[in-house]
Amino acid sequence: MTLIASPEPASISRGAKQSRHVRVLSLLGALWLALFFASLFSPPVMDDADGTHANAARQMALSGDWVTMRVNNVRYLEKAPLPYWIAAASFRLFGFNTFATHLPQALAVLLLMLLGFRWAREAFGERASLYTSLAVLTSAGVFLFTRVLIPDVLLSLLLAVALYCFLHALQLSPHQDAVIPGTAKNPRISSLSTTTPFAYLMWTALALAVLTKGLVALVFVPGTAIVYLTLTGEARNWRRLKPFAGGLLFLAIAAPWHILAGLRNTGGMNGHGFFWFYFINEHVLRFLGRRIPRDYNKLPSYLYWSLHLVWLFPWALFASLLLSRARSAMRRSNSLQPVLITKTLGSLWFIAGIVFVAGTVRDFAHAPMTLTYSLIFLGAILLTLISRRRTYHPHGPILHLVDLRSRTTLLLSLFSIIVLLFFSLSTNQEYYTFPTYLPLLMLVAAVLARAEATYDHDKSSRRCITSAHAAFTFLGVLIAAALTYGLWTSRHLARVPNVGDLLAHRGVGHYTLSMSSLFDLTGPSFAALRLPAILALLAFALGPAIAWVLRTQRRHLAATTAFALTSAVFLIAAHIALVRFAPMLSSQDFAERIQQLEASGAISRDSTLLLFGDQAYGSSIPFYLNRPLNRPALLVDGRSSSMLFGSTFPDAKGLFLTPSELLAEWGSGPRKLMFVPIERRDNADRLLGTRAILIQETAGKVLLTDRPLDRPLPPSIDSTPK
């Protein structure tokens, strides 16, 4: 049963509704094209995870081995394969380039937006569906964390599909809830046949999610489903989920790759093969912060939670509406059950305090007992709700939900809580909680659409919306003032084509979180970032004020759209800035330099490429060079991070050099071309001294060779190293 937030006037024909529906989707599609499709061509594939994952997919596409992933011919067993299968297919269709690398990410965002549009439209109404789609496309986190080839957006899409199908597998359609006697031979069989496709789609999406990022999918979706079924009393309808046939379908999709990968990858580190490394090291030990190697960081608790206001910006400013709705629901419950609710709240606040203290201890001591505290917390909630049912509804469900709106709200809330709690305990990166973005944004969109409908007579809604606009305007003024100051102080500086040269000597070597490079955005860099700074300045100086004025005029749709467009212009400015940072974030120009030297005859095409340190530092170079698989780069002192486990297999012999082996081979045999990142410059200088010849330097990174060039460079490519 679907509850529409803003029922359409009866006078509007179905044709008019469809026409409006098409127009809305067309506008959303245009926004997606501007923000995501247009950014597929630049910046280039970046070093670190972006280049590493692109190389894994490239080698898969070239080798035809779809089971064992390899990077630079080294086994890369820590990731599930589906994102790389998709990227490899993209490479076969469009070639090995930037567009093909990031196209799957952009398409996943498009599908995530369309799913949010459909689900919110069914559960919350037309206005909420529009706001959900706008929020997905213009949230800072969705934009930032799809600039890199990581699996989280695909995981988010598949988990959301599984949740959507779970809800619809349980939900009978309105005509099935009120079957007229005699109109169907067997109403139960009719209803089950309608929900069956959703059940099988749920199991399929869950299996694909496991193939996207491992076993966390089996924590998030089944965990959410179990709690939901317990609370709503719908566990009695478990047959609609097809657990036996669906479970077999799940295994048929998810199991084969895991079995084949285990059989083909035995005898690694200390005799450990794929099964230990993937299931124990990459799942259990990673969660506990004891993964080998220990090269992952963990956000402090205060940052972990507060940064979600940034990742969901600007829509997080409407979060107070969620809190207001929750308080209203609590007050209604209090009027019926004051003693029980008061005692419950007291108990939950006490347990929440224990969890907070334990989480703080976890930040310093990595104590796995935090998991126990969290389970106690969740168990206390469940026991309290069970007690409530026994006291007030001994024969009914804990929560009596009568429509799709309330069911969707509960399901999305439970899912978000489970994901956020899970990663608050585990080692984490900022983007790990990406799967909660759509659920949280949909909930915000729903309460915003409802608050707009009650704006004139609901003081609480009006106050929350006004506060959000005030905060947006205040932040806009601050951001515009900061940008104005940066532009003014850099007004006399000449524009530097390579912003990386301004930042090359800063201490970036120990950054381990994905957004750490933001600390490098300093005053002098504004000389290279004037255009995006001006765009962002105009967006924040004008957009929030325009949105607020429209809101005061009761033009709610226009006000919220202005809210979204302000963010869209800012994200376009952010993309331009990212392109300006490309020489620092990517090493594509080094690959182009090598290709130019080979084409001119200055070096032979059989030269050996070496990467000094972990391959991630220069992972974009092998991708853009696109050499045959039998000519991989050699890694000097590179047995670290994602290469550590793969380096222990016999077929990795000869791919890794120690510094002493490099020193012995330097200057003999085929020409050596060695890329050295800024993080390892001092080590390389101490090792090679004057024996290294500089070919190119960009943003502190250098390309060295072990002998003079075979012939002088043509004037067209002869340039002084930066």
Taking region 286-300 and keeping residues surrounded by fewer than 17 Cβ atoms within 10 Å (Cβ to Cβ) and assigned to a helix (DSSP H, G or I) leaves 288
Identify, by number, the condition in (1) surrounded by 19 or more Cβ atoms within 10 Å (Cβ to Cβ); (2) in contact with an Asp or Glu (Cβ under 7 Å, 6 or more places away or on another chain); (3) not polar (S, T, N, Q) that residue 312 doesn't meet. (2)
Taking helices (runs of 4 or more DSSP H) that fall entirely within region 569-683, which contain at least 2 residues that are at pLDDT 90 or above? 588-600, 620-625, 659-665
Given the residues 671, 593, which is the only one that is more than 31 Å from the chain's Cα centre (by Cα), surrounded by fewer than 20 Cβ atoms within 10 Å (Cβ to Cβ) and not acidic (Asp, Glu)? 671
Looking at region 616-662, which of its residues are surrounded by 17 or more Cβ atoms within 10 Å (Cβ to Cβ), under 31 Å from the mean Cα position of the chain (by Cα) and of a type in the set (Gly, Ala, Ser)? 616, 618, 619, 620, 633, 638, 641, 642, 646, 647
Suppose the filter is assigned by TED's automatic domain parsing to the domain that holds residue 149 and either in a helix (DSSP H, G or I) or modelled with pLDDT of 65 or more (or both); does residue 441 pass it? yes
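Matching residues to (1) over 28 Å from the mean Cα position of the chain (by Cα); (2) more than 28 Å from residue 146 (Cβ to Cβ); (3) of a type in the set (Gly, Ala, Ser); (4) at pLDDT below 95:
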residue	(1), (2), (3), (4)
437	no, no, no, no
449	no, no, yes, yes
452	yes, yes, no, yes
460	yes, yes, yes, yes
468	no, no, yes, yes
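Residue-wise test of (1) closer than 30 Å to residue 68 by Cα; (2) in contact with a helix residue (DSSP H, G or I) (Cβ under 6 Å, 6 or more places away or on another chain); (3) modelled with pLDDT under 90.
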| position | (1), (2), (3) |
| --- | --- |
| 278 | yes, no, no |
| 282 | yes, no, yes |
| 317 | no, yes, no |
| 344 | no, yes, yes |
Looking at region 68-90 only, could you name the residues that are more than 21 Å from residue 205 (Cα to Cα) and among the aliphatic types (A, V, I, L, M)? 69, 71, 74, 77
When only residues in region 543-561 that are without any contact (Cβ under 8 Å) to a residue 12 or more places away in the chain and part of a helix (DSSP H, G or I) count, which is farthest from residue 453 (Cα to Cα)? 549
Within region 213-231, is there a residue that is farther than 29 Å from residue 425 by Cβ and part of a helix (DSSP H, G or I)? no
Output the number of residues of region 684-703 satisfying the condition of being part of a loop (DSSP other than H, G, I, E, B) and under 19 Å from residue 608 (Cα atoms). 1
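Condition test on residue 414, is it within 26 Å of the chain's Cα centre (by Cα), assigned to a helix (DSSP H, G or I) and at pLDDT 65 or above? So that I can check it myself, show each step before the final result.
Working: within 26 Å of the chain's Cα centre (by Cα): yes; assigned to a helix (DSSP H, G or I): yes; at pLDDT 65 or above: yes.
Here the answer is yes, as residue 414 does meet what is asked.
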Got a number for residues in region 196-212 being buried (at least 22 other Cβ atoms within 10 Å of the Cβ) and at pLDDT below 95? 1
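On the basis of being without any contact (Cβ under 8 Å) to a residue 40 or more places away in the chain, of a type outside the set (D, E, K, R) and outside the structural domain of residue 42 (by TED's automatic domain parsing), does residue 644 make the cut? Spell out the reasoning first.
Numbers: without any contact (Cβ under 8 Å) to a residue 40 or more places away in the chain: no; of a type outside the set (D, E, K, R): yes; outside the structural domain of residue 42 (by TED's automatic domain parsing): yes.
No, not satisfied.
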Among the residues of region 20-70, the number that are in a helix (DSSP H, G or I), among the hydroxyl-bearing types (Ser, Thr, Tyr) and over 14 Å from residue 103 (Cβ atoms) is 3
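If you go through region 208-223, how many residues are touching a Leu at 6+ places or on another chain (Cβ under 7 Å) and over 18 Å from residue 420 (Cβ atoms)? Full working, then the answer.
Of all residues in region 208-223, those touching a Leu at 6+ places or on another chain (Cβ under 7 Å) come to 208-213, 217, 220-221.
Applying the additional criterion that residues be over 18 Å from residue 420 (Cβ atoms) yields 208, 210-212.
Number of matching residues: 4.
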Does at least one position in region 48-71 carry a residue that is at pLDDT below 95, surrounded by fewer than 23 Cβ atoms within 10 Å (Cβ to Cβ) and within 22 Å of the chain's Cα centre (by Cα)? yes
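The values are calculated or read from the model by the stated rules, or taken from the named source; none is laboratory data. These numbers were taken from a predicted model, which means no experiment stands behind them. Because the Cβ atoms are built from the backbone with ideal geometry, glycine has one as well, and the counts that use them run over all protein chains shown.
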